[in-house]
Amino acid sequence: MRFKLLALSTAVLTSSVSAALLGAAPPAPGLQVDVTSPADRSRLAWQSQGSYDVIVSYGGKSTKFDEIPSNEVVLTATYAADADAPDARRAVPLAQPLVDVTRSNCIGCHDFDASSGGPSFAAIARRYAGQPSVAAMLAAHIRDGSRGAWGQGTMPPHPDLAPAQAADIASWILAHGADPGIHYYSGKSGSFRMTAPGMPAPRAGLVLRAYYTGPREAGDTRPAAGRDTVVVSGS
């Protein structure tokens with residue numbers, strides 16, 4: 001009888017310890033976004049071209065091993081008149097229309113600044129500058145597709161985007177697509193240009209911010225860890 005009680009007590013203790021260990025298990029690693037190049041506080045000449053590299057890790061996967069699609073990484077390069085000011089490094093969320101653009105297949109045909117299979121967002125913004133009424137037309141083209149709106153090319157429909165999403169994307173393109181103070185780049189690596197919206201101030205530079213736009217686990221709202229912001233001073 002004593003042996004049976006001892007065996008039962010041992011089993012209960014083992015079960016309790018296991019449950020405690022499981023309950024105390026650390027949460028799964030959160031989102032990690034690191035700009036590995038260029039180096040923070042580095043310098044580049046204005047109008048020169050620099051290269052960037054970003055590593056994103058989430059849910060046990062990483063862009064380093066191509067487990068996270070490269071198009072789910074966006075880099076912004078924002079002009080700062082005083083690159084050394086603490087305010088230059090403040091956290092800035094990525095606009096939701098940009099998140100929707102990267103989650104659809106828009107980047108497959110459109111670049112932010114350069115011509116690709118279709119016109120760049122900057123070119124669209126310049127063509128329709130001062131014409132906010134065309135937002136509804138652009139939203140319809142995004143959702144339903146179009147032909148001949150820009151040369152002889154055909155734009156496929158995007159039924160995966162809700163009407164409200166298409167409208168927000170169109171409005172964002174018109175309002176920000178050609179903003180000279182900020183440039184956008186898609187992909188885990190690439191090049192950027194040191195540009196300013198006019199004559200650069202003596203302490204000016206670019207603030208590079210990296211973002212992950214892919215899906216996250218339900219309820220996971222933890223902020224990204226890592227060095228997702230670097231400053232490059234102009235010279």
Restricting attention to the range 61-72, does a residue exist that is free of Cβ contacts under 8 Å to residues at least 12 places away in the same chain and over 18 Å from the mean Cα position of the chain (by Cα)?
yes
Of the candidates D53, D82, the one satisfying the condition of being more than 30 Å from P156 (Cα to Cα), at pLDDT 95 or above and over 19 Å from the mean Cα position of the chain (by Cα) is D82
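Yes or no, residue by residue, for (1) more than 28 Å from G234 (Cα to Cα); (2) not in a strand (DSSP E or B):
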| residue | (1), (2) |
| --- | --- |
| Q47 | no, yes |
| V74 | no, no |
| D84 | no, yes |
| D87 | no, yes |
| L94 | no, yes |
| G118 | yes, yes |
Looking only at residues that are hydroxyl-bearing (S, T, Y) and modelled with pLDDT under 90 in the range 123-162, which one is surrounded by the fewest Cβ atoms within 10 Å (Cβ to Cβ)?
S133
For the condition open to solvent by 40 Å² or more (accessible area, probe 1.4 Å) and free of Cβ contacts under 8 Å to residues at least 24 places away in the same chain, what is the one hit in P202, P197?
P202
Just one listed residue, out of A95, A140, A88, A80, is small (G, A, S) and without any contact (Cβ under 8 Å) to a residue 60 or more places away in the chain, and it is A140
Filtered residues of the range 150-173 (kept if over 18 Å from the mean Cα position of the chain (by Cα) and under 19 Å from A114 (Cβ atoms))
W150, G151, G153, M155
Matching option when the condition is within 15 Å of G214 (Cβ to Cβ) and not hydroxyl-bearing (S, T, Y), among R43, R103
R103
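The values are calculated or read from the model by the stated rules, or taken from the named source; none is laboratory data. Model, not experiment: these values are computed from the prediction. Cβ sites come from the backbone with ideal geometry, for glycine too, and all protein chains shown count toward neighbours. When the accessible area is computed, the model is the full protein with side chains, heavy atoms only, and any ligands, DNA or RNA have been set aside. Shrake-Rupley method; radii C 1.70, N 1.55, O 1.52, S 1.80 Å.
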